[in-house]
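Colleague: Take a look at the following structure, please.
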Amino acid sequence: MDIPPQLRCLFAGTVEERNDSYVIEVPKQELQTGSLQAGAMYRVALLSPPTDSEPTQSETELQRDRRPQTPPVVEGEQRTVDIEDLGDQGDGLARVERGFVVIVPDTEIGERVTVEITDVRENVAFAEIVARGSSYE
């Protein structure tokens, strides 16, 4: 299966009926990691449940998948990232694995920079520029 670069998160959920509508709850962690923003519009794809020939996940595996994941970066690590957006304070925002946000001061949207991770928190990391690359279109 091809996974498009626009994919922001992936999780399993149950469709529930509520007041003449059907609802799928989004795990709080998806908003905390910066993958999604409350009130924003997203496209949703629904995949059918696995057939008998496909492997299924046990309830324990699903619960394990819902545990908070460790950040995909560590302090001192260097990475080349693309600045995708600007935060409320004007700092650049880059996303790495699982939509994890890295905040990079003194950058602009479209800039590609090599950074060193200076501080890692549960749902965000901070970095300083090591080298500037070119902007991408």
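Each reported figure results from applying straightforward, stated rules to the coordinates on display, with no laboratory input. Quick caveat, the model's predicted, so the values are computed rather than measured. Every residue, glycine among them, receives a Cβ derived from its backbone with ideal geometry; neighbour counts consider all protein chains shown.
Colleague: Quick check: pseudo-label points 7 Å beyond the Cα along Cα→Cβ at Q37 and C9, how many nm apart are they?
Modeller: Each label point lies 7 Å from its Cα, and together they span 1.5 nm.
Colleague: Roughly how many nanometres apart are two label points built 7 Å out from the Cα toward the Cβ at T114 and E25?
Modeller: 4.5
Colleague: Can you tell me the alpha carbon radius of gyration of the range 78-135 divided by the globular rule-of-thumb value 2.2 N^0.38 Å?
Modeller: Against the empirical 2.2 N^0.38 Å value, I get 0.97 for the range 78-135.
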